[in-house]
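Any read-out appearing in this document is the output of simple, stated calculations on the displayed coordinates, not a laboratory observation. What you see is a predicted model, and the numbers here were worked out from it, not measured in a lab. Cβ placement follows ideal geometry from the backbone for every residue including glycine, while neighbour counts extend to all protein chains displayed.
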Amino acid sequence: MTETYAAQAPSAVRGAPVSQIADGALSYTPDEAGNVVPEFSMAGYRNGGVALPVAPVLERLAPVADSADESVRIQAALNRVANAPADPATGVRGAVLLTRGSYRCGETITIPAGVTLRGEGAHATGTVLIATMLPEKGAEAKSTLLQLTSKGSLPIVGPAHAVLDESVPIGAKHLSVKNAGAFEVGDEIIIVRAPSEAWIHDLQMDRIKLSAGGKQWAPEIFVVRWQSRVAAIAGDRLTLDSPVLCALERRYGGAKVYACGPDTRGRAAAVENIRLESVYEKGHETEDECHAWNAISIGSVVDSWVRDVTALHFAYACINIGRTAARITVQDCAMIDPVSLLTGGRRYSFVGGGQYCFFQRCYTRNGRHDFVTGAQNVGPTVFLDCLSEEAHSDIGPHHRWSCGQLYDNVKGGAIHVQDRGGAGTGHGWAGNAQVLWNCEARRLICQKPWPASAQNWAIGCSGEDGKPLQSSRLPGLWFSRDTPVSPRSLYLAQLRARITASRGDGDVSICSVTTPEQAQGTVWAHLRERYQDEPSYAK
């Protein structure tokens, strides 16, 4: 493996950040602060490596000719299936099949837990749901066609257990806590990091050059919490099943660990094999915003999925995953030709806002921030084998300290990990614990936040240096610039290594979630071919 260094590359790289060793196991080289590339393999449905189930059809609907609004009829069928018994292992109840044809929908449709909404094809002659909602100009409410959500939650219970370590670096799976004996192996826990003013100051986020309406960062806004599970206990030391994605440091306020109450979020809600279109004012593709905003929004659900969905002309997203969702897989989906102004807060094609979210084989055209996370998101979040074309802005973490994202074999016009300074209302440092792996872009930026305990990696990536918004910032850790590294996919290598280490069959797990094109490394060509016949703005 050859090391090459661009202008942004640091001089202190010592060997490959990740290397394959015997039997597919992986070795990680820490940076000077002990940070290592995190493990992302638990992202996705049931923590990865598990084939998506196929729900049996319990209801079948056909389009009604000349119907002005089919949303109430579809919702009623979904609600009936929601009363069917659930499979105890998967939570699956059944599917509502919409046969091919067009269905006009003027209201948001909610997919209940255990229920799949399935069509007969995501192409123009398959099953087409047409979002006809037309909010007034300037309306604050952004309409959604389909939503996967529940009223459940994952609550914190019991007392706080302070983290005793002076520092726990990025990628670590061990931490010491006060009264560790209160936990048992297998317990779900919540780690809460509440930063101090000193952290804001050392990040230099108390001196952002702001535009009108901007704000400096404040510690109370950056309290983050993420879920993990206790894998082992030895004295006061907990071993976790997933890594720390933002360093825990006593000098910056430390962290606390809490037990979780019962997870009451719904599971096994799904959308499959369907085409979603928004009406809009033709000829005003970069102006009209008085139409549906999101094709699919995902809220408080777990172990749920969206596959084989094509969305056209929505103003914001094909898939918008909120913070309360977890273990979500989105695959083989496309956002084609969104309709909106070409400015902030629009055309974020695939948004990973929850925990353990996995996007693969997704395609975009004419978007802005196509594969993206927002403020204070905590992963692991993975974008694997995705392609962005004709984009109007960059891929990557967008603002305010998103942590723990992997862009794995993602291709697009620009991929940026940087301090965005006063952009927006004071975006500042967009991401930490970001990994760009074998990505291709016309322009690349990968910067490192000031504290030694923060790090971002660009490994095996190709593209010209982009122009940073803040040119004086430190470079991230670059390795093998313009030369792809092995393994081809970090996520899949980590998944295979984890399953094999637990005495499972790693190769079977990989086959359960991938396609032949991924094994051959030809996914981008396949995606381009799959969507090349989609007409531009329905011409």
Open item on the list: Can you give me the C-alpha center-to-center distance between segment 229-303 and segment 70-148, rounded to a whole angstrom?
Closed with: 21
- [ ] Quick one: what are the phi-derived ³J(HN,Hα) couplings along segment 327-335, Karplus 6.51/-1.76/1.60 with θ = phi - 60°, whole Hz, x for glycine and proline?
- [x] 6, 10, 10, 10, 9, 6, 10, 9, 10
Open item on the list: Modelling each spin label as a point 7 Å along the Cα-to-Cβ direction, I'd like the LEU341/THR264 distance in nm, to one decimal.
Closed with: 4.0
- [ ] Excluding residues fewer than 8 places away in the same chain, name every one of the lysines whose C-alpha is closer than 25 Å to that of LYS209.
- [x] LYS448, LYS467
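Taking the mean number of other Cβ atoms within 10 Å as a proxy for protection, how do you rank 487-497, 117-127 from highest to lowest?
Working: 487-497: 24.0, 117-127: 19.4.
By packing density, highest mean first, the sequence is 487-497, 117-127.
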Task: Burial ranking of peptide ranges 214-224, 397-407 (average Cβ count within 10 Å, highest at the top) - done: 397-407, 214-224
- [ ] Nearest 5 is fine: what % of DSSP beta bridges in the chain come out antiparallel, could you say?
- [x] 25
Task: Whole-Hz ³J(HN,Hα) from phi, Karplus 6.51 cos²θ - 1.76 cosθ + 1.60, for segment 400-409, glycine and proline x - done: 6, 6, 7, 10, x, 10, 10, 9, 10, 6
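So how strong a dipole does segment 156-260 carry about its Cα centre when Lys and Arg Cβ are +1 and Asp and Glu Cβ are -1, to the nearest 20 debye? List each step's numbers first, then the result.
Values: 12 positive and 12 negative charges, 54 e Å.
Roughly 260 debye, rounded to the nearest 20.
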Task: Distance in nm between pseudo-label sites at VAL72 and ASN179 (7 Å out along the Cβ direction from Cα) - done: 5.5
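Throw me the Rg/Rh for the chain, computed over C-alpha atoms with Kirkwood Rh, two decimals.
Details: Rg = 22.6 Å, Rh = 23.6 Å.
Reported Rg/Rh (Cα atoms, Kirkwood Rh): 0.96.
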Open item on the list: Around LYS215, under 11 Å between beta carbons, what's the net of Lys plus Arg minus Asp minus Glu among the other residues?
Closed with: 0
- [ ] Please compute the Cα-Cα pair-distance distribution of segment 156-260 with 10 Å bins starting at 0, giving whole percents from short to long.
- [x] 15, 45, 24, 12, 4, 0
Task: Cα centre as origin, Lys/Arg/Asp/Glu Cβ charges: the chain dipole, Debye - done: 600
TODO: Specify the inter-centroid distance of segment 322-379 and segment 474-539, based on alpha-carbon positions, in whole Å.
DONE: 17
TODO: Please turn the phi angles of segment 168-184 into ³J(HN,Hα) values with the Karplus equation 6.51 cos²θ - 1.76 cosθ + 1.60 (θ = phi - 60°), one per residue in order, whole Hz, x for glycine and proline.
DONE: 10, x, 4, x, 5, 10, 10, 8, 9, 10, 5, 6, 4, x, 6, 9, 10
- [ ] Straight distance only, please: which lysines reach the Cα of LYS282 with their own Cα at less than 24 Å, same-chain residues fewer than 8 apart left out?
- [x] LYS137, LYS142, LYS539
TODO: Using Cα positions and a limit of under 27 Å, work out the lysines in reach of LYS178, with same-chain residues fewer than 8 apart set aside.
DONE: LYS256
